[in-house]
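What follows draws every value from the coordinates through simple rules; no lab data is involved. Here the structure is a predicted model, which is why all the values come from computation and not from measurement. So basically every Cβ, Gly included, is an ideal-geometry build from the backbone, and we count neighbours across all protein chains shown.
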Amino acid sequence: MQPRPKICFLASDADMAEDSAISLRAIYGNVEPAQADMIVALGGDGFMLSTLYSTERLDTPVYGMNRGTVGFLMNEFNHEGLFERLEQAEEAVLNPLRMRAICVDGTTVEALAINEVSLYRGGPQAAKLRITIDGRVRMDELVCDGALVSTPAGSTAYNYSAHGPILPIGADVLALTPVAAFRPRRWRGALLPKTATVRFDVLEAKKRPVSAVADSREAHDILSVEIHSEPDIRHRILFDPGHGLEERLTREQFV
């Protein structure tokens, strides 16, 4: 008989999540993240993202159970049969995006994003952006409310709300999607190889301020931002059989 996996239960600060963590620790035991074979995150998608960031150096799979308001990355909550669920779970491996933003004041902000890096205007006037892909200018001027680069995992979030495509989780592509593009008016974005480096230069940066956000890390008043996939960092997420990320991404397209 194989030994049971050592589990670390992490919970968001919501009362429901904390109460569930107390109950689960009493049933299944609990260890620190560095000693765990599996990490169980209790909360919503926001807490799952923060758990993945805080444990990325451990290469330990994370299994989420929904104790929040949004649960696209989470499994259904149940006290019972957790060892069996973990044993049967399907694994998805995600590589984050790395953002490097240079601000008007000369500071540099670097951050990782599992879902997307988004740019949005910070004032009453539309943003003006120049788009360069792998060192080649592809669009001299995009007039818009913003733009974003999304991973497949994040393609059903802000990207989809901005009318971007839903990407299969195994696709080696990124989605570049404008937000309320005014000129070129009918431009809907582009699909790029996962290996691409995307650069946005902000035109008229002082007159038309722009901010950049990597999931939840924000850089204000930027001059430029470079975005590329980070293959050396991998996040391992576990899902119940038949409810994996690939299935969820497919299902979203038929709602």
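Within the listed set 201, 172, 232, the residue fluctuating most in the Gaussian network model of the chain (springs between alpha-carbon atoms under 10 angstrom) is 232. Each residue of the range 86-145 gets 160 Å³ once the volume of the Cα convex hull is shared out per residue. Take the Cβ atoms of residue 194 and residue 87, set R0 to 51 Å, and the FRET efficiency comes out at 0.95. Each Lys or Arg adds one and each Asp or Glu takes one away; over the other residues whose Cβ falls under 13 Å from the Cβ of residue 8, this sums to 0. With a simple spin-label model that places each label point 7 Å from the Cα along the Cα-to-Cβ direction, the separation between residue 140 and residue 255 comes to 4.0 nm. Using a simple spin-label model with pseudo-atoms 7 Å out from Cα toward Cβ, residue 125 and residue 76 lie 5.4 nm apart. For the range 97-229, the Kirkwood hydrodynamic radius comes to 14.3 Å, computed from all pairs of different C-alpha atoms.
When every alpha-carbon pair in the range 44-116 is counted, what percent end up more than 17 Å apart? Roughly 56 percent, once rounded to a whole number. Prolate is the label for the range 172-255, because a/c, from the alpha-carbon gyration tensor with a ≥ b ≥ c as root eigenvalues, is 1.5 or above and a/b exceeds b/c.
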